[in-house]
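Contents: one structure, followed by commentary.
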Ligand code: PLP
């Protein structure tokens, strides 16, 4: 069985979960926050005391995702940002973090504020550029990369960053949100940690906020800090969210296959469109990261792409306003296609850049929608 078939089965069957009490083919939701003890004061059921510790559904979702990532352990958080923060918080005051530039703005903003508060040196480096990576010489605690990156779709060489981390005595974490574990498994390439906004394609239905962090080694002291901090500080996912996440994940490999195919078809159509001034998508053979992405991704290049509208900011906004199928909303990875004029919420992004998250609609309908919006009829 290929790696892909294994993932298909793992996700479709939710790693074999059923309701042991009734034989139901779907695990039940247990909403209780607290659990009864017997007359002897022994808990009625082992592992069930108080739901801030964790819960059956959270454990199940974590097991599925950790297996998919080839991780020794993984933890869910109530949002992607909570997972980002959990790892950053392990860096000591006075430490040093290397952060890729041009990544998800929320990560950059939070990291800048956090590092300033804690007297941590933050080096923002274009990690997709080998020369910029080579200029790093001193030591660091943590290197944070995002590949493919949001919204520029840059591909960062994970293997090269593993080597860099080793030479700097640092640990490497990869935000692999845009790829999901179906298309990319950074731990297999030597990364120490992988992080996801599970709010995106892992859940896939734009109705759950969640984050996931996994480690190559469960006995890693930094991981132990993350485990203790999540347990003691209580950044846990609720049962309903975990249940929805497990349901969404059953179709993750299928959705990634379809969304990647749609994104590639859309990227190709846009690359040949007279109203477009460039397309950013690692799946295009002309993309500077194409060969690298092909060597570290498997089965597709994801649902996210960006393109530049020919003309001005007003032209870009007018085109976005004419779209009918692509919903004008932030986020990515859902079954419905979304469009975002990123400059509106992130000033540094070029005014004509449009970010698309391709869903599972027909590629022909998505391409027609974009063509009508770009040509104005
Ligand atoms: N990482 C990436 C690449 C993202 O796109 C996002 C959200 O857009 C996050 C992290 C943060 O995730 P969340 O919105 O679930 O907190």
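With respect to the numbered conditions (1) farther than 19 Å from residue 178 by Cβ; (2) in contact with a strand residue (DSSP E or B) (Cβ under 8 Å, 6 or more places away or on another chain); (3) crowded, with 22+ Cβ neighbours inside 10 Å, which one is the sole condition not fulfilled by residue 333?
That leaves (1) as the condition not met.
Restricting to segment 338-347, and then to whatever is touching a residue at least 60 places away in the same chain (Cβ under 8 Å) and in a loop (DSSP other than H, G, I, E, B), can you tell me which residue is surrounded by the most Cβ atoms within 10 Å (Cβ to Cβ)?
Selected residue: 346.
Before we move on, is residue 252 under 17 Å from the mean Cα position of the chain (by Cα), surrounded by fewer than 21 Cβ atoms within 10 Å (Cβ to Cβ) and touching a residue at least 40 places away in the same chain (Cβ under 8 Å)? Steps first, please.
Details: under 17 Å from the mean Cα position of the chain (by Cα): yes; surrounded by fewer than 21 Cβ atoms within 10 Å (Cβ to Cβ): no; touching a residue at least 40 places away in the same chain (Cβ under 8 Å): yes.
No, not satisfied.
Could you list, in sequence order, all residues of segment 63-81 that are within 16 Å of the ligand (Cβ to nearest atom) and crowded, with 20+ Cβ neighbours inside 10 Å? Walk me through it before giving the result.
If we filter segment 63-81 for residues that are within 16 Å of the ligand (Cβ to nearest atom), which is where we start, we get 65, 69, 74-81.
Residues satisfying the conditions are 65, 69, 74, 75, 76, 77, 80.
When you go through (1) more than 16 Å from the ligand (Cβ to nearest atom); (2) in contact (Cβ under 8 Å) with a residue 60 or more places away in the chain; (3) assigned to a loop (DSSP other than H, G, I, E, B); (4) in contact with a strand residue (DSSP E or B) (Cβ under 6 Å, 6 or more places away or on another chain) one by one for residue 27, which number turns out not to apply?
Checking residue 27 against (1) more than 16 Å from the ligand (Cβ to nearest atom); (2) in contact (Cβ under 8 Å) with a residue 60 or more places away in the chain; (3) assigned to a loop (DSSP other than H, G, I, E, B); (4) in contact with a strand residue (DSSP E or B) (Cβ under 6 Å, 6 or more places away or on another chain), the one that fails is (4).
From the list 311, 283, pick out the single residue that is surrounded by fewer than 22 Cβ atoms within 10 Å (Cβ to Cβ) and more than 16 Å from the ligand (Cβ to nearest atom). Full working, then the answer.
Working: 283 fails: surrounded by fewer than 22 Cβ atoms within 10 Å (Cβ to Cβ).
The unique qualifying residue is 311.
Cβ-Cβ below 7 Å, separation at least six or inter-chain, first residue in segment 98-113 and within 22 Å of residue 167 (Cβ to Cβ), second more than 9 Å from the ligand (Cβ to nearest atom) and modelled with pLDDT under 95: which pairs?
Listed by first residue and then by second, the contacts come to 98/136.
Being out of contact with any strand residue (DSSP E or B) (no Cβ under 8 Å at 6 or more places or on another chain) and under 20 Å from residue 152 (Cβ atoms) narrows it down to one of 264, 244, so name that one.
Values: 244 fails: under 20 Å from residue 152 (Cβ atoms).
That would be 264, the only listed residue that is out of contact with any strand residue (DSSP E or B) (no Cβ under 8 Å at 6 or more places or on another chain) and under 20 Å from residue 152 (Cβ atoms).
Go through the residues of segment 315-322 one by one and say whether even a single one is within 12 Å of the ligand (Cβ to nearest atom) and surrounded by 15 or more Cβ atoms within 10 Å (Cβ to Cβ).
Step one: filter segment 315-322 for residues within 12 Å of the ligand (Cβ to nearest atom), giving none.
Checked against the condition, which is being within 12 Å of the ligand (Cβ to nearest atom) and surrounded by 15 or more Cβ atoms within 10 Å (Cβ to Cβ), segment 315-322 yields no hits at all.
For segment 97-121, name all the residues that are surrounded by fewer than 19 Cβ atoms within 10 Å (Cβ to Cβ) and more than 16 Å from the ligand (Cβ to nearest atom).
Once the filter is applied, which keeps residues that are surrounded by fewer than 19 Cβ atoms within 10 Å (Cβ to Cβ) and more than 16 Å from the ligand (Cβ to nearest atom), segment 97-121 yields 116, 117, 118, 119, 121.
Condition (residue is modelled with pLDDT under 95 and at negative phi) applied to segment 338-345: is it met by at least one residue?
First, the residues of segment 338-345 that are modelled with pLDDT under 95: 345.
Retained after the next criterion (residues that are at negative phi): 345.
Scanning segment 338-345, I find at least one residue that is modelled with pLDDT under 95 and at negative phi, so the answer is yes.
Which of the residues that make up segment 125-142 are within 22 Å of residue 176 (Cβ to Cβ) and more than 16 Å from the ligand (Cβ to nearest atom)?
The first filter runs over segment 125-142 and keeps only residues within 22 Å of residue 176 (Cβ to Cβ), leaving 125-130, 132-133, 136, 140-142.
Correct list: 125, 126, 129, 130, 132, 133, 136, 140, 141.
Matching residues to (1) touching a residue at least 40 places away in the same chain (Cβ under 8 Å); (2) in a helix (DSSP H, G or I); (3) more than 26 Å from residue 157 (Cβ to Cβ):
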{"site": "278", "(1), (2), (3)": "no, no, no"}
{"site": "284", "(1), (2), (3)": "no, no, no"}
{"site": "292", "(1), (2), (3)": "yes, yes, no"}
{"site": "307", "(1), (2), (3)": "yes, no, no"}
{"site": "317", "(1), (2), (3)": "no, yes, yes"}
{"site": "324", "(1), (2), (3)": "yes, no, yes"}
{"site": "336", "(1), (2), (3)": "yes, no, yes"}
{"site": "354", "(1), (2), (3)": "yes, no, yes"}
{"site": "372", "(1), (2), (3)": "yes, yes, yes"}
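The values are calculated or read from the model by the stated rules, or taken from the named source; none is laboratory data. Everything numeric in this text was worked out from a predicted model, so none of it was measured. Cβ coordinates were reconstructed from backbone atoms using ideal geometry, including for glycine residues, and neighbour counts include every protein chain displayed.
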